[in-house]
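Have a look at the structure below before the remarks.
The values are calculated or read from the model by the stated rules, or taken from the named source; none is laboratory data. These numbers come from a predicted model, not from an experiment. Quick reminder, even Gly has a Cβ in these numbers, built from the backbone with ideal geometry, and neighbours come from all protein chains shown. Please note that ligands, DNA and RNA were not included when accessible areas were found on the heavy atoms of the full protein model with its side chains. Shrake-Rupley method; radii C 1.70, N 1.55, O 1.52, S 1.80 Å.
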Amino acid sequence: MAAPACALCTAGLLVLAPAAATTGTVPEPGPRATDAATSPLDRPGTHVRPRRGAPEVPELTARSWLIADARTGDVLAAHDAHRRLPPASTLKTLFALTVLPALPAGIRHRVGQKELADVGPGSSLVGVAENRTYQVADLWNGVFLSSGNDAVHVLAGLTGGWRATAERMQAKARALGARDTRVKSPDGYDAPGQVSSAFDLAVFGRAGLRNPEFARYCAREEARFPGRDGGSYPIVNTNRLLTGADGVEPYRGLIGIKNGYTGNAGNTLIAAARRDGRTLVATVMNPRSDDGYAVYEEARSLLDWGFGAAGRVDAVGSLDALRAGPLRGPEAEAAVPVARRDDGPGRPASWTIAGAALLGGAGTALFLRLRWGPVPAD
């Protein structure tokens, strides 16, 4: 089987350089016309509603940040929540939300030369090689752990191509109520007009936790990736708050989700953690600190504050505020592989969440098999 994919990208491999300024390239935040009641989050600045005894919100250098309860969607505090900024590889969360349900993990695919032809210089790569056969699960490990743009290209090619994937991602963002996101390059590579926001990234992270496949991938610290010679080699998650690499202390209770870096976006991060039965999701975009690891430390401060503020702050908004319909799937706390009652015996909950998208995935697999025939195993 083979299928084309294309485009350029860079991502969250390097967080050593300080974040680059993004002035003059994206719209500033401001009130937006929506069907929902006006929220404090529509206004710039820091928003929190503390009760007596609430801890003070930490002082952060990030241009935009937000922390929310993953189960209820309540936003506990935020700064410039709807400010539109380049998202870097955190946009891969939206890519996964869009494409994961359509591609069963066991599908095997031999990569052709054209699928990797447009991976540009400076892209973060997991090491996908042409004429090598991979399982879809291998490629998702490459996306989540190594932020591999080569893996994104192949997966996008298997589900309709680069442009079609971007269009589906845009539609998915709208359906989730993520109104600030503009998708131009599915891998998160800096592209003119491509933006997201701390609010939208939190929406994507929360939705991802409701998909057991997504939750497993984003929490995985290491895996083995098929090598060119028929063997395999280890890959390690670039999310240092998860792994504790490069001297960053791992965060207790962290369950993912995704980091990113480009020269234009600076460092970006979606982080989720669970403690005492409570799950929080935090997003940090473009810290202006000279410390290349500030994105992790600022997320740490936000999560610490959020757990300490439990029951001591009132919500300043909701991640559900702009959704067209109700949330579906298991609660975010159940971000582990489980089968729902209506899934049937042994069927992953993500299949139910995918719904009709699964038919598309099955159709894709059947089309590929009919057109190119069985793929020889390596």
| task | Pull up segment 54-73, narrow it to residues that are β-branched (Val, Ile, Thr) and part of a loop (DSSP other than H, G, I, E, B), then point me to the one that is surrounded by the fewest Cβ atoms within 10 Å (Cβ to Cβ). | result | THR72
| request: Take ASP276 and decide whether it is out of contact with any helix residue (DSSP H, G or I) (no Cβ under 7 Å at 6 or more places or on another chain) and either small (Gly, Ala, Ser) or under 25 Å from LEU125 (Cβ atoms) (or both). | output: no
| Looking at this structure, is ALA282 at pLDDT 95 or above, small (Gly, Ala, Ser) and under 28 Å from SER318 (Cβ atoms)? | yes
| For segment 143-156, does any single residue satisfy the condition of being among the small types (Gly, Ala, Ser), out of contact with any Leu (no Cβ under 8 Å at 6 or more places or on another chain) and buried (at least 21 other Cβ atoms within 10 Å of the Cβ)? | yes
| query | If you go through segment 75-94 one residue at a time, do you hit one that is of a type in the set (Gly, Ala, Ser), touching a Ser or Thr at 6+ places or on another chain (Cβ under 7 Å) and farther than 30 Å from ALA321 by Cα? | reply | no
| message | Please return the ranges of strands (runs of 3 or more DSSP E) entirely within segment 182-288 where 3 or more residues are open to solvent by 20 Å² or more (accessible area, probe 1.4 Å) and closer than 26 Å to TRP305 by Cβ. | response | 254-262
| Residue ID - least open to solvent (accessible area, probe 1.4 Å), chosen from residues in segment 293-326 that are in contact with a Gly (Cβ under 6 Å, 6 or more places away or on another chain) and more than 14 Å from ILE67 (Cβ to Cβ) | LEU322
